[in-house]
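> Before anything else, here's the structure in question.
The values are calculated or read from the model by the stated rules, or taken from the named source; none is laboratory data. Note that this is a predicted model, so its numbers are computed, not measured. Methodologically, a virtual Cβ is constructed for each residue, glycine included, from the backbone with ideal geometry; neighbour enumeration extends over all protein chains shown.
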Amino acid sequence: MALERVDKLLASTGRWSRREIKDLIRQGRVWAAGRPVARPEEKWDPAEVELQVDGQGVDCAPHVYVMLHKPAGLVSATQDSRQATVLSLLPEHLQRRGLFPVGRLDKDTTGLLLLTDDGPLAHALLSPRKHVDKVYYARVDGALDRTDVEALAAGMVLEDGLHCLPAGLEVLGDGSECRVTLREGKYHQVKRMLAARGKPVVALHRLSMGPLALDGGLAPGNWRFLTERETAQLKSLGGCP
């Protein structure tokens, strides 16, 4: 991997400005490979060097991967002039890293949301050609039955002409609950398909995206970084290095 300037590596975390980093280095508070950094322009391999600020290790990985349990009431966007976004749930230094949602959940939809600054991986996971399953739990007004399962499995054409790829529908309990599996992510797709069947959605929750399942220990509004294994699985699925 190419060598990078220390000030650039630290600035990429979003925790400090370039000016703040220069002050930290001048004060002897930044260490690399077990010794104080003398100049901001010192270059190191970000994959190999151990950086510390005030004795605390700093992760300078080129990309960040965050699992968020999205609550209702927030929009899945990086910014919005009128409404709070999912990024407001993250600490400021992560907000400054340029993270964005991989796919969108409606304002009232809850569940798994992946946030990252890795554009190629996000594109791969959202591409219909990659066939990355997205699984949702839905509660509807009405009772789903076998004819609904068959309709989604055959692929639907909605009244506005939208062509939907074949989707999985597993009816649960008395028919008012179900799991829906999509291999694409068109606008309000689950809600529109089920509404077209005369069973409008009253609650929607995303359970998983490919191999990545929502952590049962994450309460709504909470987040965590992906594990190395989870990140590797997503990259393998998306065909990314």
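> Which one of these is farther than 19 Å from residue 213 by Cα and either surrounded by 19 or more Cβ atoms within 10 Å (Cβ to Cβ) or not assigned by TED's automatic domain parsing to the domain that holds residue 18 (or both): 124, 195? Walk me through it before giving the result.
Values: 124 fails: farther than 19 Å from residue 213 by Cα.
It is 195.
> List, please: which pairs have Cβ atoms under 7 Å, are six or more places apart or on different chains, and start with a residue in the stretch 97-117 that is outside the structural domain of residue 185 (by TED's automatic domain parsing) and under 27 Å from residue 60 (Cβ atoms) and end with one that is buried (at least 17 other Cβ atoms within 10 Å of the Cβ) and of a type in the set (Asp, Glu)?
Every condition considered, the pairs that remain are 97/117; 98/117; 99/117.
> Kindly indicate which of 226, 207, 214, 162 is closer than 18 Å to residue 127 by Cα, out of contact with any Ser or Thr (no Cβ under 6 Å at 6 or more places or on another chain) and touching a residue at least 24 places away in the same chain (Cβ under 8 Å).
Working: 226 fails: closer than 18 Å to residue 127 by Cα; 207 fails: closer than 18 Å to residue 127 by Cα; 214 fails: closer than 18 Å to residue 127 by Cα.
None of the other options fit; the residue is 162.
> If we keep just the residues of the stretch 95-128 that are in contact with a Gly (Cβ under 9 Å, 6 or more places away or on another chain) and in a strand (DSSP E or B), which is farthest from residue 66 (Cα to Cα)?
If we take residues in the stretch 95-128 being in contact with a Gly (Cβ under 9 Å, 6 or more places away or on another chain) and in a strand (DSSP E or B), then 100 is farthest from residue 66 (Cα to Cα).
> Please list, ordered by first then second residue, the pairs with beta carbon atoms under 8 Å, 6 or more apart or interchain, first in the stretch 57-86 and at positive phi, second among the β-branched types (Val, Ile, Thr) and surrounded by fewer than 21 Cβ atoms within 10 Å (Cβ to Cβ).
That search, which allows pairs on different chains as well, returns nothing.
> Shifting gears a bit: Is it the case that the stretch 81-94 has a residue that's assigned to a strand (DSSP E or B) and either assigned by TED's automatic domain parsing to the domain that holds residue 110 or modelled with pLDDT of 95 or more (or both)? Write out each step before concluding.
As a first pass, look at the stretch 81-94 and keep what is assigned to a strand (DSSP E or B): 85.
Filter again for either assigned by TED's automatic domain parsing to the domain that holds residue 110 or modelled with pLDDT of 95 or more (or both), leaving 85.
Yes, that holds for at least one residue.
> Looking only at the stretch 14-52, filter to residues that are part of a strand (DSSP E or B) and hydrophobic (A, V, I, L, M, F, W, C); which one of those is nearest to residue 3 (Cα to Cα)?
Taking the stretch 14-52 and keeping what is part of a strand (DSSP E or B), we get 30-32, 35-36, 43-44, 51-52.
Filter again for hydrophobic (A, V, I, L, M, F, W, C), leaving 30-32, 44, 51.
Values: 30: 17, 31: 16, 32: 13, 44: 5, 51: 14 Å.
So, considering only residues that are part of a strand (DSSP E or B) and hydrophobic (A, V, I, L, M, F, W, C), the one nearest to residue 3 (Cα to Cα) is 44.
> Can you tell me how many residues in the stretch 15-58 are of a type in the set (A, V, I, L, M) and closer than 19 Å to residue 97 by Cα? Outline the logic, then answer.
Taking the stretch 15-58 as the starting set, the residues that turn out to be of a type in the set (A, V, I, L, M) are 21, 24-25, 30, 32-33, 37-38, 47, 49, 51, 53, 58.
Among the residues that remain, those that are also closer than 19 Å to residue 97 by Cα are: 21, 47, 51, 53, 58.
Residues flagged as of a type in the set (A, V, I, L, M) and closer than 19 Å to residue 97 by Cα within the stretch 15-58 amount to 5.
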